[in-house]
Amino acid sequence: MRFVLVAALKDVRRRLADPAAMAIWIGIPLVLSGMLSFIANTGGDAPRALVLLVDQDNTVISRLLPGVARQGNTPIEIEAVTLDEGRRRIGAGDASALLVIPAGFQNAVIGSGSAQLQLVTNPAQRIFPALVQQMLDVLVEAAFYGQRLFGEPMKRVVAGSSQGPADDSAVASIAVAINQQIARLQGVLLPPVISLSVKSETSRAAPLNFGQVFLPGMLFMSFLFIAQGMSGDVWDEKSEGTLRRVLTTPQSAGRLLLGKLLAALVLTSVVALTGLLAAVAWFGLAWSRIPGALLWCAFVSGGLIALLTLLQLFAGSQRGSELLSSIIVFPLMMLGGSFFPFEQMPAWMAAVGRWTPNGLGVAKLKDLLYGDVSAGALAVAALGIGIPAAFAFLGSCRRLRRFANA
C-alpha cells in the first residue's frame, strides 16, 4: 500500500508542476458555469455560433452539408456568403468561423478524388470555434465511413443527378444496394443491443434553467479531458524510461496503475468539488446534494480513466494514442451530453448517449443534483460503468509489462 501512495503522490506532484493544465481542467466547469449562470439569469436566448459558408463545389453533397450541420437543436447558424465577403467578415470578427468547401468536394466524398476543407476561426472567441471544429471533425468521420459503406450507391446517385431525373429501375437498383448493405450490418450495428424506455411523469418541481441543464455535461467534459491526459501518462513514463525501471522492482504493475488511478481520482475530485461549489453559488444547489454527487463524479471519472488507459496501452505510438483517444473522447462528449443536453438531442441520439459511460454518469448526476434517484437505479448504473472499468484495469495490468518493453 505504501508503494501505491508513493506512486499516487508522485503523479499528483507532476501534475501540480504543470499549473497551466490544472488551471484548464479546473477552469472548464468554473468558467462555463459562470457563463451559463449569466445566460440563465439574464433570461436571454442561448448563444449561437455563426459559421460563414463558401460553397465552391455547388454539388448535391456540398449542398447537403449545411443541412446535416443543422440537425437537431445545435447552437450553430450557417450563412452562405461569397469568399470575399466571408474573409472580410471573419477578419472583422463578425462570425465564429469561415468554412470553405472547395471544388471537387463531392468527388472526394464518393472516393474519386481528394479535397481539403478550409476552416478559419475567430481568434477572439474560444468556445464556439472549438465547437465548430469538433462538429466538422465528426462530419468528416461520418463521410469517411459513409464512403466505405455506401460508396457505390452514392456514386450512382451523384451520377444520376447530373443526368436529370432517374428512371424507376435506377432508383430501385440504388435502393436495393443500400438495403443489402444495411442487411450486412444486422447484428453489428442494427438493431441496438440496448433499448431505453422513457416514462414521463408529471413533476411539481420547478423547471431547470439553462445553466442547471448544462452543468452536469460541462463537469463530465472536464472529466473526459482529465481522463485523456492522465491515461496518456503511461507514454510519458515510457519515453522517460521510468516505467521500465519501476517494473524491474518487485512491485507489481497493478500497484503502479492503482497509484496512477488514485492520483487521477484526487485531481478529478478537486475539479468536481470546484464545479459543485460553483453550482451552490450560482444555481442554488443544496449543500446536502454535494457529498453524493462528489462520490458519483469520482467513481465515474475513475472508470473513464481505466477504460482510456487500456486504450492507450494498445496504441502503436504516442502520437497514435493521442489521435485514437481523441477519436473516442470527442464523439463521447457529443453523444454523452457535454456539447448538448439530452433534452435538446434527437430522441434516438439521446437514447444512445444515455448508455455511453459518460452519458450514464451525466444522467445520474443530474438526478443526484436536482431530482430523486433510487438506490436500485444508481446501483445498476454503477455496475454498468464499474464492471467494464474493472475488466479494463485488469487488462491494463496484464498489458503494461509488454507495453514497457515494446
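Rule-based calculations on the coordinates, nothing more; no lab input. Quick caveat, the model's predicted, so the values are computed rather than measured. Using ideal geometry, Cβ is built from the backbone for each residue, glycine included, and neighbour counts are taken over all protein chains shown.
Length gained on full extension, Leu323 to Ser239: 28.5 nm, using 0.36 nm per residue less the C-alpha separation. Listed peptides 399-405, 364-370 appear in the order 364-370, 399-405 once ranked by packing, highest mean of other Cβ atoms within 10 Å at the front. In summary, the aspartates and glutamates within cross-link reach of Lys10, defined as a Cα separation below 16 angstrom excluding same-chain residues under 8 places away, comprise Asp18, Asp233, Asp236, Glu237, Glu240. Here the extension length gained between Ala17 and Ser114 equals 30.5 nm, from 0.36 nm per residue of separation less the Cα-Cα distance. Is segment 282-406 best put as rounded, prolate or oblate by its Cα gyration tensor, with a ≥ b ≥ c the root eigenvalues, rounded for a/c under 1.5, and otherwise prolate when a/b is larger than b/c, oblate when not? Prolate, because a/c is 1.5 or more and a/b exceeds b/c.
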